[in-house]
Amino acid sequence: MLGLEEKRKKVGRYLYIANLQALNTMRTYYESDLVRIDADPQHHCLVFHWKKGIISTQAYQASLQEGLDIAENFQIRYWVANQRDMGMLSLKNEAWTLDSFFPRLCDSSIELFVLVDSEDEFNVEVTRYILGQPAARKMPLRMAEDVFSALNYVADLQQKPETVLQLA
């Protein structure tokens, strides 16, 4: 007999499959040693998958710029940042994220930033610091346990777009 937690997982999995049928046109638009960017232009969703490895400043900035360009080209509304495998961020990258990336993200078509946290404790702390700064607080944010949960939430928004207003 299944316990309550197992039942939730099972029901959640079916809900995920049903909701994600709406996001079945996801494809890769950019890939490097550092990141893979998938997008579903039809449903205005972008998934930014960080890969394991050393993050150089140039590659970090170029990757985020590529994501912003894709978002602009397709009028993306939902940005899912999968930081699960992300390497360590430098102080320079942290500063650039606050000074350049978040202001541009807030001026873009993005309405919601969904974050899947890193497994690296240092990155979790850096992310919390960045998200607590005024530049980052302007963007509606949702935390997700994993990419599946993040996409499930986005798929729900496709059916009930008013939900995003509850986050502001």
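The values are calculated or read from the model by the stated rules, or taken from the named source; none is laboratory data. In this text the structure is predicted, and so the values were computed from the model without any measurement. Neighbour counts run over all protein chains shown; Cβ positions are idealised from the backbone, glycine included.
Here is a yes/no grid of residues against (1) of a type in the set (A, V, I, L, M); (2) closer than 20 Å to residue 100 by Cα; (3) out of contact with any Leu (no Cβ under 8 Å at 6 or more places or on another chain):
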| position | (1), (2), (3) |
| --- | --- |
| 29 | no, no, yes |
| 32 | no, no, yes |
| 37 | yes, yes, no |
| 45 | no, no, no |
| 61 | no, yes, yes |
| 65 | no, yes, yes |
| 78 | no, yes, no |
| query | Restricted to region 70-88, and to residues that are under 15 Å from the mean Cα position of the chain (by Cα) and either surrounded by fewer than 20 Cβ atoms within 10 Å (Cβ to Cβ) or closer than 15 Å to residue 123 by Cα (or both), which residue is modelled with the highest pLDDT? | reply | 70
| Which one of these does residue 125 not meet: (1) modelled with pLDDT of 95 or more; (2) over 11 Å from the mean Cα position of the chain (by Cα)? | (1)
| task | Within region 26-60, count every residue that is free of Cβ contacts under 8 Å to residues at least 40 places away in the same chain and part of a helix (DSSP H, G or I). | result | 6
| task | Tally the residues that are surrounded by 20 or more Cβ atoms within 10 Å (Cβ to Cβ) and touching a Phe, Trp or Tyr at 6+ places or on another chain (Cβ under 8 Å), restricting the search to region 48-60. | result | 2
| How many residues does region 152-168 contain that are more than 17 Å from residue 84 (Cβ to Cβ), of a type in the set (Ser, Thr, Tyr) and either at pLDDT 80 or above or buried (at least 17 other Cβ atoms within 10 Å of the Cβ) (or both)? | 0
| Listing of helices (runs of 4 or more DSSP H) fully contained in region 76-168 that carry 1 or more residues being free of Cβ contacts under 8 Å to residues at least 40 places away in the same chain and aromatic (Phe, Trp, Tyr) | 91-96, 102-106, 121-131, 147-159
| Which residue, of 63, 149, 118, is among the polar types (S, T, N, Q), in contact with an Asp or Glu (Cβ under 9 Å, 6 or more places away or on another chain) and surrounded by 15 or more Cβ atoms within 10 Å (Cβ to Cβ)? | 118
